[in-house]
Amino acid sequence: MGYWENTGASDEWYTPRYVMDALDCHFDMDVASPRRATNVPCNVRLSEGSLDQEWKGFVWMNPPFGGRNGLVPWLKKFFAHGNGIALVPDRTSAPWFQEFACKADCILFVSPKVKFERPDGTVGASPSNGTALLALSTKAIGALERASSLGFLAYPARALSPGGEGT
């Protein structure tokens with residue numbers, strides 16, 4: 001279990017600039033943004049009540065990782081929205097990962113483990129698990145393909161027909 005997952009620990013861990021640079025895209029919304037500006041290039045930052053607000057356009061989602069099944073409401077809304085990139089822990093055996101990862105258009109398993117930034121700008125030293133980026137939409141697929149040097153790119157089987165062509 002990582003520091004950010006400990007009971008009462010902060011969920012304030014920010015995506016490092018090198019991830020955004022590799023994606024090389026601009027987002028319409030950061031739907032799980034902290035109050036202060038981060039490395040996410042976007043037009044709108046939602047820092048409160050995001051799950052109750054309408055999401056518009058191409059979204060970036062790095063939701064709070066803490067709490068058992070805490071990602072589920074975020075992922076339900078993300079997949080219902082259908083346009084963006086979600087950063088999640090790569091807990092491939094977790095029921096929530098099994099449920100949602102197969103619905104993604106593509107997945108980038110980032111390696112080595114992402115060392116997230118703290119609010120004071122320092123970098124975490126030893127993440128307990130890896131990170132996956134889930135893409136929904138052609139624009140999101142393109143961003144993950146540009147960032148493929150960050151790790152292993154995978155396309156869920158449901159995205160391919162038996163002949164190997166997209167559905």
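Among residues of the stretch 130-146 being polar (S, T, N, Q) and out of contact with any Lys or Arg (no Cβ under 9 Å at 6 or more places or on another chain), the one that is least open to solvent (accessible area, probe 1.4 Å) is Ser137. Counting only residues that are among the acidic types (Asp, Glu) and exposed (fewer than 15 other Cβ atoms within 10 Å of the Cβ), the stretch 26-62 holds 3 of them.
When the test is whether a residue is buried (at least 20 other Cβ atoms within 10 Å of the Cβ) and on the phi < 0 side of the Ramachandran plot, Val114 passes it. Scanning the stretch 42-83 for residues that are touching a residue at least 60 places away in the same chain (Cβ under 8 Å) and within 14 Å of Asp28 (Cα to Cα) yields one hit, Phe58.
The values are calculated or read from the model by the stated rules, or taken from the named source; none is laboratory data. Nothing here was measured: the structure is a model prediction, and the numbers come from that model. Note that we place each Cβ from the backbone using ideal geometry, even for glycine, and neighbour counts take in every protein chain shown. Just the protein is used for accessible areas: all its heavy atoms, side chains included, with ligands, DNA and RNA removed. Shrake-Rupley method; radii C 1.70, N 1.55, O 1.52, S 1.80 Å.
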